[in-house]
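In what follows, a structure is listed as structure tokens, so that the remarks can point back to it.
The values are calculated or read from the model by the stated rules, or taken from the named source; none is laboratory data. The structure displayed is predicted, hence computed values, not measured ones. Don't worry about glycine lacking a Cβ; one is built from the backbone with ideal geometry, like all the others, and counts go over all protein chains shown.
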Amino acid sequence: MYTVTVTFFIHAQHQAEFKKLVLKQANDSLEKEADCHVFDVSIGVEENGVVPFFLYELYTDKASFDLHLETAHFANFNEVSGQMVADKQVQLWDKIS
């Protein structure tokens, strides 16, 4: 399995809008991508005007994640959320257990 973790730091004034958008992205990924097995979303506590959102995603393999990045729902999410994001950290992993 291929694991992707993403931490978004969202400007606090966009918290509700981003939450709705990222939950739709999670749902779309799980429903429309057979090789997306897990797409969990967690939210942290606001600090210094930003709210962290943590994503934990599992794909069959790297190729499956690469296909995810080419989907229409991902492109829409990326475009619409762009101005809401203060910072973003992506980490890629190979699951070993």
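Here are some notes:
- Scanning region 2-17 for residues that are in contact with a Phe, Trp or Tyr (Cβ under 7 Å, 6 or more places away or on another chain) and either among the hydrophobic types (A, V, I, L, M, F, W, C) or surrounded by fewer than 17 Cβ atoms within 10 Å (Cβ to Cβ) (or both) gives THR3, VAL4, THR5, THR7, PHE8, ILE10.
- Yes/no for MET84 being surrounded by 12 or more Cβ atoms within 10 Å (Cβ to Cβ), among the aliphatic types (A, V, I, L, M), in contact (Cβ under 8 Å) with a residue 60 or more places away in the chain and touching a Lys or Arg at 6+ places or on another chain (Cβ under 9 Å): no
- Of the candidates VAL80, VAL41, VAL45, VAL50, the single residue that is among the β-branched types (Val, Ile, Thr), touching a Phe, Trp or Tyr at 6+ places or on another chain (Cβ under 7 Å), over 16 Å from VAL4 (Cβ atoms) and modelled with pLDDT of 95 or more is VAL50.
- Unmet requirement for GLU70, which otherwise passes all of (1) touching a strand residue (DSSP E or B) at 6+ places or on another chain (Cβ under 6 Å); (2) free of Cβ contacts under 8 Å to residues at least 12 places away in the same chain; (3) not in a helix (DSSP H, G or I): (1)
- Residue in region 7-16 that is within 10 Å of the chain's Cα centre (by Cα) and of a type in the set (Val, Ile, Thr) present: yes
- Complete set of residues in region 18-58 that are surrounded by 14 or more Cβ atoms within 10 Å (Cβ to Cβ), assigned to a helix (DSSP H, G or I), in contact (Cβ under 8 Å) with a residue 12 or more places away in the chain and not aromatic (Phe, Trp, Tyr): LYS19, LEU21, VAL22, LYS24, GLN25, ALA26, ASP28, SER29
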